[in-house]
Amino acid sequence: MAGTGVYLNWTAVEFATSPISKVTSVMFDQGGQLIEFAGDNDRYPVVIANNMNSPKASITSGDVYTLMNIVPGTAGTLTATQKDGLGVSMESIVWTITGNAVHENTQDTGAFSQWASATATFRAFSTDGATNPLTSALG
Amino acid sequence: MTPTAPYADALMIPESLKQGSNIYERHHSITRIAESLLGVDRSRGERAYIRKQGGRPAMLFVTKDRADTIYHPLKSPLQGHPRYAWVDHPGAIARGYLTEAARKEQDAQRDAEAKAHI
């Protein structure tokens, strides 16, 4: 069965081999950065270059206890599977930051009469300075 | 270099080889190429892990191990040295074969990981 080409919900979300459940949102960010050059009488950039990328990720979950227990600075593998729109498992996308995801911070919020929710943010570094730490694979 | 292994250890695939009108088709078109050239066995849980490397032309670095890197890690005595001997092929896909030093480093790392799990 062919995939739908659209994606819905997340599964198999893990950080440092610890599964994270009750996930309501996951974000992977390529972290692209641009620098512009202008000089002389230029009033607009004349060159725009992508020189650096700083991939990031975040996970939002109702399991605030698990996310709040991750110590900032902890490094590990972060992986999450973005499911195919109709649940065709082979057509889901597995996003991974292998070993190089560093937990930055977790915020826990809970408003009156609403479910509590925590968001953990991560940054990623490259093992060799050249290889993109963010990988994708078909599930 | 004349490759003797049936499958490459890594691939550099130009993003221009992607085909299709949506992410599913484009991802699939690259995965199809990569899995056949890397000898991916899905029944054993293997996958082709794709990294967008950018550049001009924009390239994709693809391997069976999601921890693989293009160069030796910064913590290695061989830091900055390529881990693969690259062979260009028609269609502009470059096939990479692990150097002897990279293979030894990889084996040592796997041994260390196996001992850590005992």
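Each peptide in A:34-40, B:19-25, A:4-10 was scored by the mean count of other Cβ atoms within 10 Å over its residues; highest first, the order is A:4-10, B:19-25, A:34-40.
The ellipsoid equivalent to the alpha-carbon distribution of the protein assembly as shown has semi-axes of 31, 24, 22 angstrom, derived from the gyration tensor eigenvalues as √(5λ) and listed largest first. With contacts taken as Cα pairs under 8 Å at a separation of at least 6 residues, chain A carries a relative contact order of 27 percent.
Give me the Debye-computed log₁₀ of I(q)/I(0) at q = 0.16, 0.18, 0.22 Å⁻¹ for the range B:10-117, equal point scatterers on Cα only, no solvent, two decimals. Reported log10 I(q)/I(0), two decimals: -0.79, -0.96, -1.28. Taking other residues whose beta carbon is less than 11 angstrom from the beta carbon of B:ARG51, and scoring Lys, Arg as +1 and Asp, Glu as -1, yields +1. Taking Cα atoms only, the orientation of helix B:100-117 departs from the longest principal axis of chain B by about 70 degrees.
Per residue, the protein assembly as shown reaches -5000 deg cm²/dmol at 222 nm when only DSSP H runs of four or more residues are counted, each adding -39500 (n - 2.57).
The distance linking the range A:62-139 with the range B:1-70 is 23 Å (Cα centroid to Cα centroid, whole angstrom).
How big is the Rg/Rh ratio for chain A, C-alpha atoms only, Rh by Kirkwood, two decimals? Can you show the working numbers first?
Working: Rg = 18.1 Å, Rh = 16.7 Å.
Computed over Cα atoms, the ratio is 1.08.
The chymotrypsin sites (Phe, Trp or Tyr not before Pro) of the range A:73-130 that DSSP puts in a loop, and whose beta carbon has at most 11 other beta carbons within 10 Å, are A:PHE112, A:TRP115.
Charges were assigned to the Cβ only: +1 to each Lys and Arg, -1 to each Asp and Glu. The resulting dipole of chain B about its Cα centre is roughly 280 debye.
Just so you know, all these numbers are worked out from the coordinates, no wet-lab data involved. All figures in this text were calculated on a predicted structure; none of them were measured in a lab. Counting neighbours? That spans all protein chains shown, and the Cβs are built from the backbone with ideal geometry, glycine included.
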